[in-house]
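Presented below is the structure to which this report refers.
Every read-out reported here was derived from the displayed coordinates using simple, explicitly stated rules and does not represent laboratory data. No experiment lies behind these values; they were computed from the predicted model shown. As a convention, Cβ positions derive from the backbone with ideal geometry for all residues, glycine included, and neighbour counts pool all protein chains shown.
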Ligand code: NAD
Ligand code: IPM
Ligand code: MN
């Protein structure tokens, strides 16, 4: 059988709880001629607090040798004096995205037949956000002067290279081209962020000429918040920068059934390093350890991983099982994280 090496980083808070369910479902979905060999990495808050290690270089190089990465979530308890903000987010999660060149952060949003949208009449919603994953304000380019004084100055400079923008815009066009509606919306703030905006806009227009079948439009990010809540069905593919994409996808998750359903892939389309799949949500310290987190986002992230690895049938079986489970969810009946995982795994096994 084909053997695939899977790096598993359960992480912090609800990360380990939802990852366990993702792996449970993966086991049932794996085709007979494929074998996943998982390696578990105990990276996250606990290891940092015990050893000071966030992501040792040797561990990064080991992870690099895998075919894919499954991540739960990272982030410790809020305001822990021993855990400075950003240590894990930047040092672990963003370092993986940057080092492994995950320039396409793929975040699909769909209202499934059983999803409960807070919108009264959302219509048919099925869009995907292609969020840039390696640049923007996330690069750590900035600093602070006169810290702690009334004259403190802090900068966080957004990095937008023609190379980085073009590769993600091209990927978004190619995805739009393959979808029935073939529509791509650039989301930015070109009316204010004129330097970054002009490189995004120019490259978007240039690449558009290579995809004449794709209908394009542009929307400022603030107005995007309006349209996402009043008429989300208008979107097909959205391409945007790293920070706007972060914000847009939490709202997209909320309007399409909740953060507990939102899956993502940090994709290296050139396959020079493993791609990484994870829920859009974080470690949710407010509900960690209680077996109440919804593992569906982690389970759908496994489906995105299977798609990426070319195991499309297995991915569809998971999605179908999730859709069937959602259709029978009753908000009055509370199930534990493991019960939801068991139910979806059983459906996959029976399909
Ligand atoms: P969060 O996504 O962890 O939680 C936001 C809200 O959504 C909370 O009320 C939480 O209980 C709820 N929620 C999240 N996932 C859920 C699930 N599966 N089922 C039910 N409810 C769920 O965001 P936050 O509170 O802003 O961040 C908490 C920590 O996670 C921070 O340290 C942050 O940096 C980190 N974070 C990590 C990732 C990641 O690893 N990819 C993503 C986002 C945030
Ligand atoms: C996400 C998270 C991360 C991001 C943080 C934790 C670095 O919010 O995956 O959406 O901003 O990308
Ligand atoms: Mn986020």
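Over the chain, dividing the summed -39,500 (n - 2.57) contributions of all DSSP H runs of at least 4 residues by the number of residues returns a 222 nm mean residue ellipticity of -12000 deg cm²/dmol. Over the range 117-256, Cα pairs under 8 Å with separation of 6+ residues give a relative contact order of 39 percent.
If the segment from residue 179 to residue 327 were pulled out straight at 0.36 nm per residue, it would be longer than the present Cα-Cα gap by 50.8 nm. Three principal axis extents describe the C-alpha atoms of the chain; from largest down they are 54, 51, 44 Å.
With N the number of residues in the range 62-179, Rg(Cα) / (2.2 N^0.38 Å) evaluates to 1.40.
Annotation: extensible slack from residue 162 through residue 89 equals 23.7 nm (criterion: 0.36 nm per residue apart, minus Cα-Cα distance). So what is the relative contact order of the range 254-336, in percent, for Cα pairs below 8 Å that sit 6 or more residues apart? Across the range 254-336, relative contact order equals 28 percent.
Using a/c under 1.5 as the rounded threshold, could you call the range 274-351 rounded, prolate or oblate? The axes a ≥ b ≥ c are square roots of the C-alpha gyration tensor eigenvalues, and prolate needs a/b larger than b/c, oblate otherwise. In terms of gyration-tensor shape, oblate.
Could you grab the relative contact order for the chain? Cα pairs under 8 Å, six or more apart, rounded to a whole percent.
Taking the mean separation of contacting Cα pairs over the length of the chain, I get 25 percent.
Counting only DSSP beta bridges with both residues in the chain, the antiparallel share comes to about 40 percent.
A Förster radius of 51 Å, combined with the Cβ-Cβ distance separating residue 119 from residue 49, puts the computed FRET efficiency at roughly 0.80. Counted by neighbouring Cβ atoms within 10 Å, the residues 272, 249 run from fewest to most as 272, 249.
Cβ-to-Cβ counts within 10 Å put 270, 67 in ascending order as 270, 67, the fewest first. Along the Cα-to-Cβ line of residue 152, 7 Å from the Cα, sits a label point; which residues in the range 84-113 have backbone N less than 17 Å from it? Hits in the range 84-113 for residue 152 at 17 Å: 84-87.
Give the percent of DSSP beta bridges with both residues in the range 117-256 that are antiparallel, rounded to the nearest 5. The antiparallel proportion sits near 25 percent. Between residue 58 and residue 80, the contour length at 0.36 nm per residue exceeds the alpha carbon distance by 5.2 nm. Taking a ≥ b ≥ c as the square roots of the eigenvalues of the Cα gyration tensor of the range 1-66, is the shape rounded (a/c under 1.5), prolate (a/b larger than b/c) or oblate? Verdict is oblate for the range 1-66.
Rounded, prolate or oblate: pick one for the range 117-256, where a ≥ b ≥ c are the square roots of the eigenvalues of its C-alpha gyration tensor, a/c under 1.5 means rounded, and failing that, prolate if a/b is larger than b/c, else oblate. Oblate, since a/c reaches 1.5 and b/c is not below a/b. Using R0 = 25 Å, the C-beta based FRET efficiency linking residue 351 and residue 213 works out to 0.15. Exposure proxy for 277, 98: other Cβ atoms within 10 Å of each Cβ, ordered fewest to most, give 98, 277.
Test of understanding: extend the Cα→C-beta vector of residue 251 to 7 Å, then name every residue of the range 78-109 with backbone N under 18 Å from that spot. Residues passing the 18 Å test: 107-109.
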